[in-house]
Structure formats: structure tokens, C-alpha cells
Amino acid sequence: MTITVSGRHMEVTPPLKAHAETKASKLTKYYDLIQEIEVKFDVGKDDTSSVEMIVHAEHRNTFIAHHTGEDAYLCVDTCVHKLERQLTEHKQKFRNRKHSGEQPRP
């Protein structure tokens, strides 16, 4: 699994990058088919930070979370929380898709 951290209109500091990488790496316990995670930071005109996290999983599954706020660390935490919910719902839906395998009656 690869984690890519990038910034638009800002330079990502090493502590912010480390925080994003540690939080993003915890997503594998919710869905183990994750191949790549992209974390994109952006700063708006009024100094608000926005974070976008994109999770690419096997079978062309993509999960996206956005959050805008004052604190970039809080935005990362909120995006991770949103992705945790998305990944667990997808995993439950995927597991419940299997049929019971009814046998034909003689």
C-alpha cells in the first residue's frame, strides 16, 4: 500500500505529513484490499484548510472524503472518520452479498 501526501497552494510540513500518513495507514484494518491512499491539502483564500483523501482499493473501488476547516490536523481526522464509515459499510455490503446456497429439493 502506498500513501501519497501532496499540497496545493501550500507546502506540507513534515509533522503534518507524518500525521496524515499514520492516520491513513490505520484504514487498512477496516478494509484490507486497499492499494493506494492519496491525501491532498489545500489552503483557500480565507486561510481555511481543506483536505481530500482518496482511497483506491482492488476491483476499481474508490472512496473519497473531503473536509474543510481551520485546522488541517482536525480535517485529516475527520476525513479518516468518514472513510472508516464508508469502508465498513462497503465491507458489510460485500459480505452480505453472498447467497445462502439453497439446495434443490428431491
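We did not get these values from a lab; they are worked out from the coordinates using the rules stated. No experiment lies behind these values; they were computed from the predicted model shown. A quick note on method: Cβ atoms are made from the backbone with ideal geometry, for glycine too, and the neighbour counts reach across all protein chains shown.
General observations
- Three principal axis lengths of the chain [C-alpha, angstrom, descending]: 72, 24, 19
- Only Lys, Arg, Asp and Glu carry charge here, each on its Cβ (+1 for the first two, -1 for the last two); on that basis the chain has a dipole of about 780 debye about its Cα centre.
- 30 Å Cα cut-off, lysine pairs counted over the chain (separation 8 or more, or different chains): 28
- Each residue of the stretch 10-22 is assigned a 3J(HN,Hα), and the resulting list reads 7, 9, 7, 6, x, x, 5, 5, 5, 4, 5, 5, 5 Hz, derived from the Karplus form 6.51 cos²θ - 1.76 cosθ + 1.60 (θ = phi - 60°), x at Gly and Pro.
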